[in-house]
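Derivation of every value follows stated rules applied to the coordinates shown; laboratory data play no part. All of these numbers come straight from a predicted model, not from anything done at the bench. A quick note on method: Cβ atoms are made from the backbone with ideal geometry, for glycine too, and the neighbour counts reach across all protein chains shown.
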Amino acid sequence: MADFYGAYIDALENGTEVEELRTQYLAEDFRQRLAVWEEANHADGVVRARDVPTQREVQSHDSGAGHFSATVTLTWGHGPDAGRTRLAVRGDLETGLISDIEDA
């Protein structure tokens, strides 16, 4: 998950490979739900924003019942006034694909 978010944020900054990364790391049914969310919110559903975060931190949680989960903290800006967003990310242990992202 940390690899995905690192590569995804780099791709957002550079304007490259975003769709390829989504195909590689996100479950197909989730990509469809994400497209609906993005259309309704006019934002990128993976980072839940219109901008590109400056930093990310991924904290994995216990896995079980066929799923893994993590909290992703995104930082927006620099210094003590930087904003932060926390996301709850869930994936499938069998496929290794991310199956859901929600505001934490």
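Odds and ends about this structure:
- The listed residue being polar (S, T, N, Q) and in contact with a Ser or Thr (Cβ under 6 Å, 6 or more places away or on another chain), out of T16, T71, T75: T75
- Positions within segment 1-16 being exposed (fewer than 15 other Cβ atoms within 10 Å of the Cβ), without any contact (Cβ under 8 Å) to a residue 24 or more places away in the chain and over 18 Å from T71 (Cα atoms), in sequence order: D10, N14, G15, T16
- The set of residues from segment 34-66 being surrounded by 13 or more Cβ atoms within 10 Å (Cβ to Cβ), among the charged types (D, E, K, R) and free of Cβ contacts under 8 Å to residues at least 12 places away in the same chain comprises just one member, E38.
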